[in-house]
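See below for the structure under consideration.
The values are calculated or read from the model by the stated rules, or taken from the named source; none is laboratory data. From a predicted model like this one, the values you see are computed outputs, not experimental measurements. No Cβ is skipped: glycine too gets one built from the backbone with ideal geometry, and neighbour counts run over all protein chains shown. Surface accessibility is based on the protein's heavy atoms, side chains included, excluding ligands, DNA and RNA. Shrake-Rupley method; radii C 1.70, N 1.55, O 1.52, S 1.80 Å.
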Amino acid sequence: MQPRQNNARNSDSSGFLAVLERYWYVILGLILATPVVLRYLKDSQVANEVNDTQETIKLNVSKNLDPIQQQSELNKITTSPYYQNMARNVAANLGVLYEVRGGFLSWLNPRTWTENDQLVYNDLKQLKNSGQVKTVSNCYFFLTGKNLREDIIRLLDTELLAKLTLFK
């Protein structure tokens, strides 16, 4: 009679520890490379968003040079001339509108040196809800390429800003 052969694998050459022992360098490489890859993907996503915003601003600036095209683009945002004129007035009274149109030499224009805070406050206090603020902000962004809320917080006097509850 012949002895029986045992076909069962040895416990030391199979299982999780054997896979870990055989592929430890691959597993270590994955552990070390994962944060780098995730950071790269996150940075590329942010870079794409920034590039898209910059391209939108460049496109808006080119559309702003032609008054007919500017009006048609503003009509896409809102057909109300009240909000369009309010955005124009706020941008002009803050001096931001002339910075955008002047380009590199905008600092030579004296209208960019000063701002009329009282006229800006008088225009913005007429806004009663956040929908109106959003409409004016979109028109302002199209005209200047800047955020209205940030410009108001940065450029408006603090005592007038305290009175504008929608821009806090």
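Report, by residue number, each residue of region 107-157 that is at pLDDT below 90, among the polar types (S, T, N, Q) and more than 18 Å from THR78 (Cα to Cα). Hits for region 107-157 are ASN109, THR112, THR114, ASN116.
Of the residues making up region 154-168, just one is exposed (fewer than 14 other Cβ atoms within 10 Å of the Cβ), assigned to a helix (DSSP H, G or I) and within 20 Å of the chain's Cα centre (by Cα), namely ARG154.
The single condition among (1) open to solvent by less than 60 Å² (accessible area, probe 1.4 Å); (2) within 27 Å of TYR140 (Cβ to Cβ); (3) of a type outside the set (A, V, I, L, M, F, W, C) that SER44 does not meet is (2). What are the residues in region 71-85 that are surrounded by 11 or more Cβ atoms within 10 Å (Cβ to Cβ) and either in contact with a Pro (Cβ under 8 Å, 6 or more places away or on another chain) or more than 13 Å from PHE141 (Cβ to Cβ) (or both), if any? Within region 71-85, GLN71, SER72, ASN75, SER80, PRO81, TYR82, ASN85 meet the criteria. Checked against the criterion of being within 15 Å of GLY95 (Cβ to Cβ) and either surrounded by 13 or more Cβ atoms within 10 Å (Cβ to Cβ) or without any contact (Cβ under 8 Å) to a residue 40 or more places away in the chain (or both), region 132-143 has at least one qualifying residue.
Only one of the listed residues (ASN116, ASN147) is among the polar types (S, T, N, Q), farther than 23 Å from ASN60 by Cα and open to solvent by 40 Å² or more (accessible area, probe 1.4 Å). That residue is ASN116.
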